[in-house]
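A short worksheet on the structure shown next.
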Amino acid sequence: MKYRKLGNSDLQVSALGLGCMGLSFGLGVAPDKQSSIALIRGAFEAGITFFDTAEAYGPGVNEELLGEALGLVRDQVVIATKFGFKEGKTNLGVDSRPENIRAVAEASLKRLGTDRIDLFYQHRVDPNVPIEEVAGVIQELIKEGKVKYWGLSEAGVQTIRRAHAVQPVTALQSEYSLWWREPEQEILPTLEELGIGFVPFSPLGKGFLTGAITESTQFDSSDFRNQVPRFSEENRKANQVLIDVLKAIADAKSATTAQIALAWLLAQKPWIVPIPGTTKLHRLKENIGALDIELSANDLKEIETALAQITVQGDRYPQHFQKMVNR
Ligand SMILES: NC(=O)c1ccc[n+]([C@@H]2O[C@H](COP(=O)([O-])OP(=O)(O)OC[C@H]3O[C@@H](n4cnc5c(N)ncnc54)[C@H](OP(=O)(O)O)[C@@H]3O)[C@@H](O)[C@H]2O)c1
């Protein structure tokens, strides 16, 4: 396994983490509990030490899974979780009132079966609570030993700066991938300046960048991708051109498109740690294979040139979710 440090912090994690959301939330029918526990343990055995969850995944169920799966190896892993939705439900909107942050911290500790949260992210910025106040509560939780490091998710640069000024931020977790590159404009330069690590979520484009999803793929009715404009049948068809390009690059490197998507992210900055999600051990191992793929400056240029010819069709979020990002 290769390891990376998140920004200027001393928080070291495997260079790829495991996004655990799909084991209980968002991506259709979840696997049964025993299979999920086996997957998480399989990830640890394969060298993954960085596990991503949230109060909202389930809600609560995903944290309980991690607690049970990782109990015996707790001291060898870094567990990241998130607070900040009302009652832990993404459809009820945000809630970062100090009393809610504290209550979620206590409940998450219990569900994870641990005495500290290694990395505690605010899941979405709450416009009703100044970020300085949020940072202040986190500072107290850090002093109490209940939280080790903290982070933000989908926050805008001004919020990141204000938060960091009160209590140093260790990582930003936001969407970033070959088909969502907006963070390159303002976010990545700001993180580099401040020494904050970056954890790209949906690094495989919620599965699309692997080539396993086509216009004829049917998602379960509970699958969030049914609501995402980028995943409409029409847009999946139009965006297939991106997969064709990636496939050609992957074939030339004897790699898979999923591996190229991850290797490309890893090549952007040494303080980037993607967290691809999967429910299948063979795919997890395939994804870990990305760590052995070195993309040269020429490879990166080739990808850049190919991508420049393509306009990705469809928004990455439905409107009500779009309102909660980049605040
Ligand atoms: N902070 C936030 O707001 C936020 C938002 C979204 C996600 N996240 C975090 O980021 C993690 C990852 O994001 P994500 O799950 O949205 O998207 P992702 O990692 O880009 O893609 C996950 C999807 O890709 C499929 N997949 C994975 N590896 C594959 C491979 N090698 N070949 C073919 N298909 C493959 C998975 O299906 P199978 O299970 O069938 O393999 C799953 O449907 C989540 O688990 C969560 O922890 C955070």
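So here's what we get for this one:
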{"item": "Cross-chain or 6+ apart pairs with Cβ under 8 Å, the range 142-157 first and under 18 Å from residue 84 (Cβ atoms) and without any contact (Cβ under 8 Å) to a residue 40 or more places away in the chain, then within 16 Å of the ligand (Cβ to nearest atom) and small (Gly, Ala, Ser)", "result": "152/163"}
{"item": "Total residues in the range 270-285, condition closer than 20 Å to residue 179 by Cα and in contact with a helix residue (DSSP H, G or I) (Cβ under 7 Å, 6 or more places away or on another chain)", "result": "5"}
{"item": "Extreme residue, surrounded by the most Cβ atoms within 10 Å (Cβ to Cβ), among residues of the range 284-302 that are in contact (Cβ under 8 Å) with a residue 40 or more places away in the chain and under 18 Å from residue 23 (Cβ atoms)", "result": "287"}
{"item": "Test: residue 23 is in contact with a strand residue (DSSP E or B) (Cβ under 9 Å, 6 or more places away or on another chain), more than 10 Å from the ligand (Cβ to nearest atom) and of a type in the set (A, V, I, L, M, F, W, C)", "result": "no"}
{"item": "Filter pass, residue 261 being in a helix (DSSP H, G or I) and within 17 Å of the chain's Cα centre (by Cα)", "result": "yes"}
{"item": "Failed item, numbered, when residue 96 is tested on (1) within 13 Å of the ligand (Cβ to nearest atom); (2) in contact with a helix residue (DSSP H, G or I) (Cβ under 9 Å, 6 or more places away or on another chain)", "result": "(1)"}
{"item": "Total residues in the range 227-258, condition part of a helix (DSSP H, G or I), more than 10 Å from residue 211 (Cβ to Cβ) and β-branched (Val, Ile, Thr)", "result": "3"}
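Coordinate-derived values only; no laboratory data. Note that this is a predicted model, so its numbers are computed, not measured. Counting neighbours? That spans all protein chains shown, and the Cβs are built from the backbone with ideal geometry, glycine included.
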